[in-house]
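Report on one structure; see the data block that follows.
The values are calculated or read from the model by the stated rules, or taken from the named source; none is laboratory data. Keep in mind it's a predicted model, so treat the numbers as computed, not measured. Every residue, glycine among them, receives a Cβ derived from its backbone with ideal geometry; neighbour counts consider all protein chains shown.
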């Protein structure tokens with residue numbers, strides 16, 4: 001039977017089972033719909049009551065451009081080595097262990113394309129944290145440290161041509177010309193996407209984004225990856 005959004009909600013709810021805080025990872029290639037899925041999950045699970053689900057994207061752990069320049073990685077921005085994966089794993093570990101204090105996580109400003117410290121607040125009432133990013137299932141260090149902090153990882157899958165179309169459109173939305181956007185996608189995003197796709201079989205669940213019945217109408221991508 002086709003996977004429904006109600007199925008995803010039910011599965012996410014079981015992760016806490018009345019016990020300690022749980023962390024759900026949402027992985028997938030750039031433009032596959034990770035943020036869209038995460039945002040829909042958080043919105044629907046929280047409903048109109050007291051929020052008990054938090055959203056902490058991996059993108060806040062992008063290295064700032066000043067560090068990418070220092071490391072000679074500016075043209076590789078978005079590749080696994082351009083993230084503070086160890087710092088990300090450490091934050092996930094703190095989120096799992098610390099439910100007494102507000103935990104502040106970095107966010108990512110898409111217009112500036114820079115991380116912003118302390119942009120996301122995870123309240124003690126959060127029993128489930130949804131985190132999304134490209135590389136949650138990579139087997140090269142230090143990414144396995146990230147996977148160990150996650151109760152489950154779901155992999156977003158979208159038709160390749162549609163994924164590329166949406167990814168190019170997103171780069172255009174945030175300031176790139178069409179030719180520049182296409183060049184960046186093929187030079188930088190696509191090699192990363194192929195790396196991510198190779199990790200698909202390590203996911204606990206594969207989510208066919210385009211065929212899921214969404215609660216707010218047909219799937220529409222968010223403005224972030």
Notebook entry, point to check: Is the stretch 108-122 home to any residue that is surrounded by fewer than 20 Cβ atoms within 10 Å (Cβ to Cβ) and under 13 Å from the mean Cα position of the chain (by Cα)?
Noted result: yes
Next item on the list: Out of the residues in the stretch 16-28 that are over 14 Å from residue 92 (Cβ atoms) and touching a strand residue (DSSP E or B) at 6+ places or on another chain (Cβ under 9 Å), state the one that is surrounded by the fewest Cβ atoms within 10 Å (Cβ to Cβ).
Entry: 16
Check: Quick one: in the stretch 195-214, which of the residues that are surrounded by fewer than 18 Cβ atoms within 10 Å (Cβ to Cβ) and assigned to a loop (DSSP other than H, G, I, E, B) is modelled with the highest pLDDT?
Finding: 204
Checklist line | Residue count for the stretch 64-83, restricted to those that are under 13 Å from residue 115 (Cβ atoms), free of Cβ contacts under 8 Å to residues at least 24 places away in the same chain and touching a helix residue (DSSP H, G or I) at 6+ places or on another chain (Cβ under 7 Å) | finding: 2
Next item on the list: Please state which of the following conditions residue 134 fails to meet, knowing it meets all the rest: (1) free of Cβ contacts under 8 Å to residues at least 40 places away in the same chain; (2) closer than 23 Å to residue 81 by Cβ; (3) crowded, with 19+ Cβ neighbours inside 10 Å.
Entry: (1)
Margin query: Every residue in the stretch 123-137 that is assigned to a loop (DSSP other than H, G, I, E, B) and over 14 Å from the mean Cα position of the chain (by Cα), please.
Written below: 123, 124, 125, 126, 127
Margin query: Here is a check on your reading of the model: is residue 129 surrounded by 19 or more Cβ atoms within 10 Å (Cβ to Cβ), more than 22 Å from residue 81 (Cα to Cα) and without any contact (Cβ under 8 Å) to a residue 24 or more places away in the chain?
Written below: no
Notebook entry, point to check: Does residue 76 count as surrounded by fewer than 21 Cβ atoms within 10 Å (Cβ to Cβ) and at pLDDT 95 or above?
Noted result: no
Notebook entry, point to check: Of all residues in the stretch 64-73, how many are surrounded by 11 or more Cβ atoms within 10 Å (Cβ to Cβ) and in a loop (DSSP other than H, G, I, E, B)?
Noted result: 2
Notebook entry, point to check: Can you name the residue in the stretch 87-122 that is assigned to a loop (DSSP other than H, G, I, E, B) and modelled with pLDDT under 95 and, of all such residues, is nearest to residue 14 (Cα to Cα)?
Noted result: 99
Note to self: If residue 29 meets every condition in (1) touching a helix residue (DSSP H, G or I) at 6+ places or on another chain (Cβ under 9 Å); (2) modelled with pLDDT of 95 or more apart from one, which number is that one?
What the structure shows: (2)
Notebook entry, point to check: What helices (runs of 4 or more DSSP H) lie completely within the stretch 142-194 and have 2 or more residues being under 18 Å from residue 88 (Cβ atoms) and modelled with pLDDT of 80 or more?
Noted result: 143-148
Check: Mind checking which residues of the stretch 41-53 are in contact with a helix residue (DSSP H, G or I) (Cβ under 7 Å, 6 or more places away or on another chain) and either buried (at least 21 other Cβ atoms within 10 Å of the Cβ) or more than 16 Å from residue 122 (Cβ to Cβ) (or both)?
Finding: 41, 44, 53
